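The values are calculated or read from the model by the stated rules, or taken from the named source; none is laboratory data. Worth saying up front: this structure is predicted, and the values here are computed from it rather than measured. Ideal geometry is used to build each Cβ from the backbone, glycine not excepted, and the neighbour counts take in all protein chains shown. All accessible areas refer to the heavy atoms of the entire protein, side chains included, with ligands and DNA or RNA removed. Shrake-Rupley method; radii C 1.70, N 1.55, O 1.52, S 1.80 Å.
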Amino acid sequence: MCSKKDEMKKKFRVVGTRPIRPDGIEKVTGQALYGADLHAPNMLVGKMLRINEPHAIIKSINISKAQKLPGVKAIITFQDFMEVSTNKTNDILENCLANKKVLYDGHAVAAVAAINSEIAKKALDLIDIELEMLPFVVDVDTAMQKGSPVVQLGRKHENVSDDFSDNVTSFCSFGHGILEDGYKNAAKVIERSFKTPSVHQGYIEPHACLASMTADGRSDLWCCTQGQYNVRAICADIMGIEESKLRVTASEIGGGFGGKTTVFIEPIALALSLKAGHPVKIVMTREEVFKATGPTVSSSIDIKMGMSKLGIITAAHAVIRYEGGAFPNETYELGAQSAFAAYDLKAVKSEGYNVLTNRPAQAAYRAPGAPQAIFAVESAVDELCEQLNLDPLETRLKNAAKKGTKASYGPTFDEIGLIATLESAKKHPHYAAPLAQNQGRGISCGFWFNFGGNTCVSLNINFDGTVGIIEGNPDIGGSRASISQMAAEELGIPLERIRTVIADTNSLGHNDVTDGSRVTFSVGLATIKAAKAAKKEMCKRVAKLWKIHEDAVIWKDGYVLPAGPNAGDQEPLSLKEIAAMSAQTGGPIAGHHEVNAEGAGVSFGVHLVDVEVDPETGQTKILRYTVFQDAGKAVHPSYVEGQMQGGSVQGIGWALNEEYIYDSSGKLQNSGFLDYRIPVASDLPMIEPVILEIPNPGHPYGVRGVGETSIVPPLAAICNAVSRATNIRFTELPLSPPKVLSAILGKE
Amino acid sequence: MNKIRVGVSVNNDKIEFLCSPEDTVLDVLRDNLRLTGTKEGCGTGDCGACSIILDDKLVCSCLVLAGEVEGSEISTIEGMAIDGKLHPLQQNFLKHAALQCGICTPGILIAAKALLERNPDPTETEVRYWLAGNLCRCTGYDKIIRAVMDAAAEMRS
């Protein structure tokens with residue numbers, strides 16, 4: 001095992017180094033074009049009319065006054081759209097523009113395109129809306145109860161018990177073994193309830209798009225998205241056109257974290273453009289982003305867990321209730337599946353519910369569903385360790401999932417890195433460092449599935465020996481760099497000779513959304529295979545030139561060499577030389593690869609955190625933070641570290657400050673960065689990343705996705721640290737100063 | 001419409017523009033002058049993505065009315081590299097991988113430049129507090145702070 005790892009380490013020339021990212025200069029000089037940065041001739045400004053009520057029937061929408069305002073070119077409502085093919089697309093459209101009911105505070109009901117934003121805003125004020133207010137519900141537990149206001153009727157799946165209200169749409173259950181036997185064998189059994197708030201992805205770039213649609217359906221759409229192909233599929237369906245007619249170009253993207261995997265304004269801009277006959281640009285305000293784009297689910301979770309005197313978890317049960325706003329979603333399943341993934345358990349059960357409320361539709365947020373469930377599980381593990389006087393790290397090692405473990409959600413794990421990350425944490429000086437008064441240390445494991453998915457890559461060998469790579473996933477944090485590195489590695493040429501560009505939807509086949517930590521894994525895999533295909537072609541060309549059989553040449557370090565006793569002693573030919581001759585040897589040379597990639601390989605991480613809680617204010621300060629994560633193979637270690645650090649800090653925000661606050665009238669009270677407080681530089685220490693490399697057998701270079709796991713452990717790690725610092729067990733996030741202070745005062 | 005005529009210097013170029021009374025400097029930079037390197041993250045002065053230097057003051061350009069900047073000198077991200085040569089801060093941001101998505105980067109670079117002009121040898125804490133008005137959601141700030149500290153050291157030597 002060790003020798004295999006060493007061999008993989010030795011083998012790399014470019015992979016594992018830290019070159020300057022190829023899109024760097026544009027991004028430090030302001031030249032890079034993001035969603036809102038494009039202007040088109042004759043462009044109109046689009047704006048949405050949003051209703052600040054949580055739940056209401058739309059009795060009428062009167063646009064006649066607004067239409068008459070000079071400079072207004074188009075106004076649309078839901079009625080301007082035709083019926084769409086699926087429930088899912090209809091939900092997306094109804095989230096963009098309300099149909100019969102306003103379902104949450106901030107739900108849009110109409111959109112205007114005008115010659116400038118001043119006129120567009122005036123027009124919004126001139127639209128008359130008649131509403132009939134309805135009772136509303138924003139809390140997950142209340143929404144589940146019979147008699148609660150129902151957000152949408154007819155969405156309940158057959159397997160959901162009739163004991164719940166119609167807001168409970170879906171149910172799932174996973175696990176194995178007999179729980180009762182496990183609890184009997186435990187030295188201690190605890191039952192606890194946990195709550196986590198809705199938090200927003202908080203990308204700094206608001207959603208923006210520029211659409212142009214003509215009467216024959218041919219359309220162009222520029223937008224900030226994590227997946228231009230997905231935008232195309234949804235918008236083509238909504239607009240009733242074939243996918244080939246709609247070209248979607250992804251702008252540079254100013255953060256997404258899952259929140260830009262769907263659409264909110266793109267079909268609206270297309271419809272306005274079609275109606276007005278002009279290009280239309282829509283840019284959301286920050287308030288719109290908070291109110292009407294996806295936050296994550298909020299949760300209410302029960303855990304029952306038993307542990308033996310030696311620290312073996314004998315049985316564990318989770319009931320997970322996720323509220324994802326006004327439309328059904330599948331995040332509850334991901335929560336139920338990931339809850340116990342870190343542990344090798346004899347008896348385990350996790351059940352999940354999805355619940356509708358009068359809140360905006362949830363969108364994916366980095367490891368969607370996992371942080372909430374794992375927060376609850378890891379909090380329970382920590383409390384049991386404390387009560388049984390066990391070391392929390394040793395205890396996790398004793399229960400850790402490993403190769404061959406049957407996961408609670410079904411599969412049996414292959415090579416995984418959890419034990420290696422735990423061992424690494426155990427050896428790290430952080431774990432043994434002394435703590436002072438009011439300080440506490442917390443630990444948590446984290447997990448994410450990682451996805452592969454549909455991927456296309458084209459790789460062109462230019463006549464001058466440079467290489468152009470075309471891939472279809474927006475670069476959300478350095479993927480052009482890692483993809484170029486893998487190509488340089490495979491082709492044996494300098495990195496500087498490669499340029500990777502991101503295709504629009506009509507220049508390359510379908511690529512799944514940039515999600516599931518899939519890009520470096522899947523696009524990397526496809527790039528390596530496209531490079532192999534190009535190398536094979538180059539070998540063929542050279543063999544033809546040398547008039548020998550294809551098998552008599554080999555590729556080595558960027559050169560084609562004669563191989564074997566009868567191949568002759570020709571001078572090796574470089575990629576550059578072969579490229580220069582390509583017109584004479586059969587035409588341009590290229591490689592491509594298309595795949596629905598499997599073998600992404602699950603990801604584990606362990607976080608250690610030291611906090612100090614001020615007993616007079618209840619404020620928590622992060623003193624030290626160390627992240628241990630298995631990257632399989634870190635292609636560009638700086639960007640792997642960046643994922644580990646960035647995800648951790650998002651988790652720190654979730655644990656300490658961030659939450660959607662609704663008032664008693666169902667309205668969101670903190671739809672701005674002043675009151676929705678994401679971590680700022682002065683809140684934090686340096687975040688130390690420790691990269692482990694346990695090669696993923698499913699990737700030619702051993703790569704594993706690294707983007708998401710890092711947001712999972714901070715919630716419990718910090719809560720465990722605060723609980724140990726204060727000797728009070730906290731079960732509800734965020735651990736904001738008033739909450740912590742009132743608990744401290746309550747104890748005294 | 002009552003447009004206001006304003007003359008300013010932007011990155012050492014004298015320019016004139018017409019604006020509405022409610023237009024902000026950010027609106028004018030982005031929409032009139034097409035200097036889209038300055039970003040709008042919130043429009044309420046909370047995120048710092050629109051940071052510019054206005055007559056030696058670091059400001060959020062979304063909070064300054066364009067009609068009020070007659071005769072001012074404005075520096076934006078587009079003027080940071082001189083004759084195609086990157087500023088040490090820009091170089092260090094690239095070297096340290098201090099950006100992921102890059103949307104906050106122009107604002108942070110401008111803010112950091114304003115810091116180093118006042119304090120060429122800041123401590124880590126001073127950098128963290130100075131940049132507390134610039135939100136970054138990708139990096140966790142670690143590499144940003146290191147890049148600023150290293151650029152400062154380089155500029156001192």
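As a length-normalised measure over Cα pairs under 8 Å and 6 or more apart, the relative contact order of segment B:88-156 settles at 52 percent. Using C-alpha pairs below 8 Å separated by at least 6 residues, the relative contact order for chain A is 15 percent.
Between residue A:99 and residue A:619, what is 0.36 nm times their sequence separation minus the Cα-Cα distance? Round to one decimal in nm.
Stretched out fully, the residue A:99 to residue A:619 stretch lengthens by 182.8 nm.
Residue by residue, segment A:196-212 carries 3J(HN,Hα) couplings of 10, x, 6, 10, 9, 4, x, 3, 7, 8, x, 4, 8, 7, 9, 10, 9 Hz when phi is fed to the Karplus relation 6.51 cos²θ - 1.76 cosθ + 1.60 (θ = phi - 60°); x denotes Gly or Pro.
With the cut-off at under 17 Å, measuring from each backbone N in segment A:38-77 to a point 7 Å along the Cα-to-Cβ line of residue B:13 picks out A:39.
What accessible area per residue, rounded to a whole number of Å², is obtained for segment A:227-289 using a probe radius of 1.4 Å?
Computed with neighbouring chains in place, this is 25 Å² per residue.
In the complete set of protein chains, residue-level accessible area for residue A:623 is approximately 60 Å², probe 1.4 angstrom.
In this structure residue A:156 has an accessible area near 50 Å², from a 1.4 Å probe over the protein heavy atoms. Counting only protein heavy atoms and a probe of 1.4 Å, the accessible surface of chain A is 51% carbon and sulfur. Candidate cross-link partners of residue A:156 among the lysines, defined by an alpha-carbon separation under 16 Å and a same-chain spacing of 8 or more, comprise A:88, A:146.
Approximating the spin labels as points 7 Å out from Cα along Cα→Cβ, the residue A:33-to-residue A:128 distance works out to 4.3 nm. Residue A:539 sits with roughly 20 Å² accessible to a 1.4 Å probe, with DNA, RNA and ligands left out of the calculation. Taking square-rooted eigenvalues a ≥ b ≥ c of the alpha carbon gyration tensor, is segment A:197-336 rounded, prolate or oblate, where a/c under 1.5 means rounded and, failing that, a/b exceeding b/c means prolate? Prolate, because a/c is 1.5 or more and a/b exceeds b/c. Here are some pairs, A:47/A:101; A:68/A:667; A:65/A:101; A:47/A:291; which of them have Cα atoms lying more than 25 Å apart in this structure? In this structure, A:68/A:667 lie more than 25 Å apart at Cα.
Rounded to the nearest 500, the 222 nm mean residue ellipticity of chain A from helices alone is -8500 deg cm²/dmol, with -39,500 (n - 2.57) taken per DSSP H run of at least 4 residues.
A Förster distance of 56 Å, applied to the separation of the beta-carbon atoms of residue A:546 and residue A:181, puts the FRET efficiency at 0.20. Here the gap between residue A:742 and residue A:594, fully extended at 0.36 nm per residue and compared with their Cα-Cα distance, gives a gain of 47.6 nm. Relative to the longest principal axis of the Cα atoms of chain B, helix B:142-156 runs at roughly 90 degrees. Every Cα-Cα pair of chain B was included, and the share exceeding 19 Å stands at 52 percent. When the alpha carbon gyration tensor of chain A is reduced to an equivalent ellipsoid, the three semi-axes, largest first, read 42, 39, 22 Å. Computed on protein heavy atoms with a 1.4 Å probe, the accessible areas place A:353, B:141 in the order A:353, B:141, largest first. Computed about the Cα centre, the dipole magnitude for segment B:88-156 is approximately 180 debye when only Lys and Arg (+1) and Asp and Glu (-1) carry charge, each at its Cβ. Taking the square roots of 5 times each eigenvalue of the Cα gyration tensor of segment B:88-156, largest first, gives ellipsoid semi-axes of 17, 13, 10 Å.
Here chain B carries DSSP beta bridges of which approximately 90% are antiparallel, counting only pairs with both residues inside.
Ranking of A:238, A:476 by solvent-accessible surface, largest first: A:476, A:238 (1.4 Å probe, protein heavy atoms only, all chains present).
Taking A:521, A:78 and ordering them by how much accessible surface each has at a 1.4 Å probe, largest first, produces A:78, A:521.
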